[in-house]
Amino acid sequence: MGKLTTEAARWQMLFSMAIFGTLGFFSRYTEAITSAELSLYRSACAVVIIGAMFMVQRKKLSLKKMKGEGVLMLLSGIALAINWVFMFEAFRNTSIALATISYYFAPVLVTIISPFLFKEKLTKQQIFCFVMSTLGLALIVNVFDSSLGSDDTLGIIYGLLGAVFYATFIILNKYIKSVGSMERSFYQFGIAALVMLPYTASVDGFHLLDLNGVGWLSLAVICLVHTVIMHYAYFESLGKLTGQEVAILGYIDPLVAVLISYFVFHESLTITQGIGGVMILGFALWNEVSHSAGS
């Protein structure tokens, strides 16, 4: 296979983000199984396939490479698992649009936390973007909005909790430097699977047989396409693109999710929620693009 050109990497990244944006769509058809169970199957499938890829390519995995970063790897795998559970719960309790927008508060959290952990300078623009994104979030979670039901509020809270754990996952990965992206993914998916297996078995149980044909197909797409194929495509194209390009293309994901929410499931946003969503995504994108351009 030839090397990926920059132009091909752009299209691959765009396609990956568009596919990631359909995750909420497919998760709607797997509601016969719990969010924890879905997260378990997703991570277990990834471990098996990535492990098989390493075997075929005759690449060796070595825990010695981590050089004392084992605890960070463990915590990142746990954060990944919990993040997925909250994300799927968000999809099941509110509209795909609101769940996705709430979840995309994660980059804002990383921006405001990073200066304290990595001694990065927090610019006035970053502070402004954080304040405006937070204001946008307040508009979405408007407790005085009579059109916002209790399920919507719960779904938004789940989305925000997912964002917290995804931000934690991102930050922990900044400290892990000894292993490559695919090998790191193998360990993290494996840890996530090991965490979710006893939890699912003892708390929720297994309900695979409750899935219908569409549910099985959706589960296969989530496990194979969203988790493995698109994950590989994302990281393959990542190294060929600038930070600014990655930031811009990354927001194809929530755009597709919002379009699916509106046109496929006919889930509407109030004017206030729409303004809030634009503020969160818009100011988060502006912050990422400016940061990438200046780095």
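The values are calculated or read from the model by the stated rules, or taken from the named source; none is laboratory data. Keep in mind that this is a model prediction, so the values were computed, not measured. Counting neighbours? That spans all protein chains shown, and the Cβs are built from the backbone with ideal geometry, glycine included.
Condition check ((1) in a helix (DSSP H, G or I); (2) under 13 Å from the mean Cα position of the chain (by Cα); (3) at positive phi) across all residues:
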residue	(1), (2), (3)
Gly68	no, no, yes
Leu80	yes, yes, no
Val85	yes, yes, no
Phe91	yes, yes, no
Ser102	yes, yes, no
Ser114	yes, no, no
Lys121	no, no, no
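Look at Leu139 and say whether it is more than 24 Å from Leu40 (Cα to Cα), touching a Gly at 6+ places or on another chain (Cβ under 7 Å) and either buried (at least 24 other Cβ atoms within 10 Å of the Cβ) or not aromatic (Phe, Trp, Tyr) (or both). Criteria met by Leu139. Residue count for region 246-273, restricted to those that are within 20 Å of Phe25 (Cα to Cα), modelled with pLDDT under 90 and of a type in the set (Gly, Ala, Ser): 2. Of the residues screened, Phe25 is one that is surrounded by fewer than 21 Cβ atoms within 10 Å (Cβ to Cβ), modelled with pLDDT of 95 or more and under 23 Å from Thr153 (Cβ atoms). In the set (1) surrounded by fewer than 19 Cβ atoms within 10 Å (Cβ to Cβ); (2) closer than 29 Å to Met53 by Cα; (3) not small (Gly, Ala, Ser), the condition left unmet by Tyr234 is number (1).
Exactly one residue out of Leu209, Leu160, Leu219, Leu172 is free of Cβ contacts under 8 Å to residues at least 60 places away in the same chain, surrounded by 15 or more Cβ atoms within 10 Å (Cβ to Cβ) and not acidic (Asp, Glu): that is Leu160.
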